[in-house]
Amino acid sequence: MKIAIPQINYHIGDISKNRDLIIAAIQKAKSKKADLVVFPEHAICGAYPQDLFEKEYFVNECRISIEKIAGQCTNIAALVGCPNLDLEDGVLYNAMFFMYDREVRGGVNKTVLSDYDIFDESRYFIADESNSPLRYMNQNIRVLFDEYESNVIEKPDTLIIHVGPTPFTTESYAYRKEVFSSIAREHKCPVIALNHTGANSSIIFDGNTLAFNKKGMLVAKGAAFDEDFILIDTNALENLAPVKEAAQDSIALIHDALVAGIKDFFRKNGFSKAVLGLSGGIDSALVAALAVEALGKENVLGILMPSRFSTDHSVKDAVDLARNLGIAHETLAIKEIYDAFLSTLQPVFKDAPFNVAEENLQARIRGTLVMAISNKFGHILLNTSNKSEAAVGYGTLYGDMCGSLSVLGDVYKTDVYKLSRYINRERELIPENTITKAPSAELRPEQKDQDSLPEYDILDAILKLYIEDNQSKQDIIKQGFAPALVEKTLTLVNRNEYKRAQCPPILKVSKKSFGSGRRMPLTAKL
């Protein structure tokens, strides 16, 4: 059997566009003499529509599109993901529709719902009780939505198609490759593992559609972070050479994911231009460089907003960055605005000593200025805070936490440095001084991040154990970290849940990101 596997960048909620993309892929598959063309779960509606599934008109429109797609299936069969509303009992299934000869001929409903990390399928769907193989061209085709459904595979099955898309993390590709290779070997059956590509808000898909022969050897692979079209012949899989792959570098993967995330956030939401504050620091420099890759230098505007505490070298670093990247930049000094605010507040502040209130006031002035530019010209403000800062609350609400998209909100500070080096792998874009100088918010004289925080390599190690590995305070201390430091760090994380609840949407690149991937109570004793 010749099988076409289109790897498509679907758009959540744009049913007509997704339908047209699917039909175009079917026509291409027919031109290639394919017998079957396969599309992943949620192909018709995009992944993941969330509460759009609660709108009956949305589900009905998806189903109407399935009929239109089926009408294109002459001399070819297709498998397409779409919600399935059972009209008799009124329940919604997560389904795959199987069609040929211009009609829907059957399908499969998901039997094991996903309710972890970003997934909340039980909110919308009912799990079906059985999963039967599809019969086509004298073959039994087993459709799996989840690898945990593999217990239903039976000896007569001749092909396994995994249709569930997998959101990107630095570990996701290696995991998928290992799991599906193992399933192929165990059941001595070819396995096709489909995936989406592109980004939908926080969620990024890396493509990498996979095909394994019955020995578990990877014999075909879709592009990473891009659309693709793969054609395989199941009768020839055993004779194909294994796919040769270079070792994957996690920093390169994060870089590619972030660029894809920025690009699709703008494209799919109808935006074209970005604005961000340039402080001369490494976080804003990295975001600016990533934005240029995603959007083009002509679509990125940097705003320098020096205060009385900004050093000359920080201003120079910001200007050098803008010149290296070729982006437009403006300088809006905030000293006079800051002094005016302090003068206005003086009757209330009186002679109280300088503290975090005056520090944060500068960040809030900057936030107001960049948001004004965003409103005036329709530029989208990119947030530049990193995961380490977000974790411990080292950021100012309505100040440096402003923005429509958090680019680095799932990237630890230590990885910010590695990504910056990666950006500079061919030539210096981010000024060397920006990378090597001590990090500082420059909100008071001679301020350094490490005045308030531990060294970032230690801080990040503790944060990963607590946030991503769910280890307790005692478990972390047992690994050699100072008890007082662990206590302080975890207290900061827990105390600042309310701040993170007000963060912009974060591009997810780790197995446990803030936002929908980590849901913690705002008021709790932890």
Could you grab me the full set of residues in the stretch 2-24 that are open to solvent by 10 Å² or more (accessible area, probe 1.4 Å) and either in a loop (DSSP other than H, G, I, E, B) or small (G, A, S) (or both)? I8, N9, H11, I12, G13, D14, S16, A24
Within the stretch 405-419, residues β-branched (V, I, T) and open to solvent by 10 Å² or more (accessible area, probe 1.4 Å) come out as T414
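What residue, of E171, E149, is open to solvent by 10 Å² or more (accessible area, probe 1.4 Å) and either out of contact with any strand residue (DSSP E or B) (no Cβ under 9 Å at 6 or more places or on another chain) or farther than 25 Å from I254 by Cα (or both)?
Numbers: E149 fails: open to solvent by 10 Å² or more (accessible area, probe 1.4 Å).
Only one candidate passes the filter, namely E171.
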Assess whether K33 counts as being under 21 Å from Q7 (Cα atoms) and surrounded by fewer than 18 Cβ atoms within 10 Å (Cβ to Cβ). yes
So I64 passes all but one of these: (1) open to solvent by 30 Å² or more (accessible area, probe 1.4 Å); (2) in contact with a helix residue (DSSP H, G or I) (Cβ under 9 Å, 6 or more places away or on another chain); (3) assigned to a loop (DSSP other than H, G, I, E, B). Which condition number does it fail? (3)
In the stretch 263-276, anything among the charged types (D, E, K, R) and either open to solvent by less than 50 Å² (accessible area, probe 1.4 Å) or closer than 30 Å to A4 by Cβ (or both) is listed as K263, D264, R267, K268
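State all residues of the stretch 474-497 that are among the aliphatic types (A, V, I, L, M) and either in contact (Cβ under 8 Å) with a residue 40 or more places away in the chain or crowded, with 18+ Cβ neighbours inside 10 Å (or both); if no residue qualifies, say none. Before the answer, list the steps.
Step one: filter the stretch 474-497 for residues among the aliphatic types (A, V, I, L, M), giving 476-477, 482, 484-486, 490, 492-493.
Listed by number, the residues that qualify are I476, V486, L490, L492, V493.
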Options A246, A236: the member that is out of contact with any helix residue (DSSP H, G or I) (no Cβ under 6 Å at 6 or more places or on another chain), open to solvent by 70 Å² or more (accessible area, probe 1.4 Å) and without any contact (Cβ under 8 Å) to a residue 40 or more places away in the chain: A246
Mind checking which strands (runs of 3 or more DSSP E) fall wholly inside the stretch 75-136 and carry at least 1 residues that are exposed (fewer than 14 other Cβ atoms within 10 Å of the Cβ) and either out of contact with any strand residue (DSSP E or B) (no Cβ under 9 Å at 6 or more places or on another chain) or aliphatic (A, V, I, L, M) (or both)? 103-109
What pairs come up if the first residue lies in the stretch 192-206 and is outside any loop (DSSP other than H, G, I, E, B), the second is open to solvent by 10 Å² or more (accessible area, probe 1.4 Å) and β-branched (V, I, T), and their beta carbons are under 6 Å apart, counting only those six or more places apart or on different chains? N200/I12
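Can you go through V348, V300, V315 and tell me which one is within 13 Å of G277 (Cα to Cα) and open to solvent by 30 Å² or more (accessible area, probe 1.4 Å)?
Numbers: V348 fails: within 13 Å of G277 (Cα to Cα); V300 fails: open to solvent by 30 Å² or more (accessible area, probe 1.4 Å).
On inspection, the qualifying residue turns out to be V315.
Being among the aliphatic types (A, V, I, L, M), open to solvent by less than 70 Å² (accessible area, probe 1.4 Å) and over 30 Å from E330 (Cα atoms) is true for just one of A260, A252. Which residue is that?
Working: A260 fails: over 30 Å from E330 (Cα atoms).
Unique residue meeting the criteria: A252.
Considering only the stretch 420-471, state which residues are hydrophobic (A, V, I, L, M, F, W, C), more than 18 Å from R323 (Cβ to Cβ), open to solvent by less than 50 Å² (accessible area, probe 1.4 Å) and at pLDDT 95 or above. Explain how you work it out, then say what you get.
In the first step, residues of the stretch 420-471 are kept if they are hydrophobic (A, V, I, L, M, F, W, C); the result is 423, 429-430, 435, 438, 441, 443, 453, 458-459, 461-463, 465, 467.
Now narrow it down to the ones that are more than 18 Å from R323 (Cβ to Cβ): 438, 441, 443, 453, 458-459, 461-463, 465, 467.
Restricting the remaining residues to those that are open to solvent by less than 50 Å² (accessible area, probe 1.4 Å) gives 441, 443, 453, 459, 461-463, 465, 467.
Scanning the stretch 420-471 gives L459, A461, I462, L463, L465, I467.
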For a quick check of your reading of the model, give me the residue pairs whose first member lies in the stretch 451-467 and is over 18 Å from N496 (Cβ atoms), whose second is among the hydroxyl-bearing types (S, T, Y) and assigned to a helix (DSSP H, G or I), with beta-carbon atoms closer than 8 Å and at least 6 apart or on different chains. D457/T414
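Listed here are the residues, each with its yes/no results for (1) within 19 Å of P165 (Cβ to Cβ); (2) without any contact (Cβ under 8 Å) to a residue 24 or more places away in the chain; (3) touching a helix residue (DSSP H, G or I) at 6+ places or on another chain (Cβ under 7 Å).
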residue: L52; (1), (2), (3): yes, no, yes
residue: E56; (1), (2), (3): no, no, no
residue: A70; (1), (2), (3): no, no, no
residue: C73; (1), (2), (3): no, no, yes
Looking at V59, V37, V152 in this structure, which one is modelled with pLDDT of 95 or more, over 30 Å from R519 (Cα atoms) and among the aliphatic types (A, V, I, L, M)? V37
Six or more apart or on different chains, Cβ atoms under 7 Å: show the pairs whose first residue is in the stretch 498-517 and of a type in the set (D, E) and whose second is modelled with pLDDT of 95 or more. none
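The values are calculated or read from the model by the stated rules, or taken from the named source; none is laboratory data. Keep in mind that this is a model prediction, so the values were computed, not measured. So basically every Cβ, Gly included, is an ideal-geometry build from the backbone, and we count neighbours across all protein chains shown. To get the accessible areas, we keep the full protein, side chains included, count just its heavy atoms, and leave off ligands, DNA and RNA. Shrake-Rupley method; radii C 1.70, N 1.55, O 1.52, S 1.80 Å.
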